[in-house]
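Report on the following structure.
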Amino acid sequence: QVQLVESGGGLVQAGGSLRLSCAASGRFFSIQLMGWYRQAPGKQRELVASTSSGGNTNYADSVEGRFTISRDNAKNTVYLQMNSLKPEDTAVYYCNADFMLRGSMTYYRQNYWGQGTQVTVSS
């Protein structure tokens, strides 16, 4: 069974920084796209940042220049460095990843979510 476990959330003042980590474990052949999403109360879940297995990155306009996504393929871990945090960044942050799994006759892709970690930015 594949698992994504996030850590690093918490309470921080506006202007501060936090670093989120998400470690993948279980039996899989490879990890393709990895990303971070967030969901604030009363709002839809939205993409924050993503990174391909080759290191290409993509950011939401609202976090461009403040957040940095990175991954350590040897550790099966993706990170989100969040700087210059604003109260509007307050949300539950979820890790997401596409895995290639080995079936009995072939390989197949499956998507997984982490359990989420709360980030609260006070003004």
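The values are calculated or read from the model by the stated rules, or taken from the named source; none is laboratory data. Not measured: the values here are computed from a predicted model. Quick reminder, even Gly has a Cβ in these numbers, built from the backbone with ideal geometry, and neighbours come from all protein chains shown. Remember, those area values only see protein heavy atoms, side chains included, never the ligands or the DNA or RNA. Shrake-Rupley method; radii C 1.70, N 1.55, O 1.52, S 1.80 Å.
For region 53-64, filtered to residues that are at pLDDT 95 or above and not acidic (D, E), the residue that is surrounded by the fewest Cβ atoms within 10 Å (Cβ to Cβ) is N56. Selection of region 6-44 for residues being closer than 13 Å to G114 by Cα, among the aliphatic types (A, V, I, L, M) and either open to solvent by 30 Å² or more (accessible area, probe 1.4 Å) or over 13 Å from the mean Cα position of the chain (by Cα) (or both) yields only A23. Assessment of region 50-71 against the conditions (acidic (D, E) and closer than 16 Å to G116 by Cα) yields no matching residue. If the condition is being of a type in the set (D, E, K, R) and closer than 23 Å to K86 by Cα, then region 15-62 contributes R19, R38, K43, R45, E46, D61.
On the basis of being touching a Leu at 6+ places or on another chain (Cβ under 8 Å), among the hydroxyl-bearing types (S, T, Y) and closer than 17 Å to E88 by Cβ, does S17 make the cut? It is true that S17 is touching a Leu at 6+ places or on another chain (Cβ under 8 Å), among the hydroxyl-bearing types (S, T, Y) and closer than 17 Å to E88 by Cβ.
Residue by residue through region 65-75, note down the ones that are in contact with a strand residue (DSSP E or B) (Cβ under 9 Å, 6 or more places away or on another chain) and assigned to a loop (DSSP other than H, G, I, E, B). Explain how you work it out, then say what you get.
Keep residues of region 65-75 that are in contact with a strand residue (DSSP E or B) (Cβ under 9 Å, 6 or more places away or on another chain), which gives 65-73, 75.
Across region 65-75, the qualifying residues are G65, R66, N73, K75.
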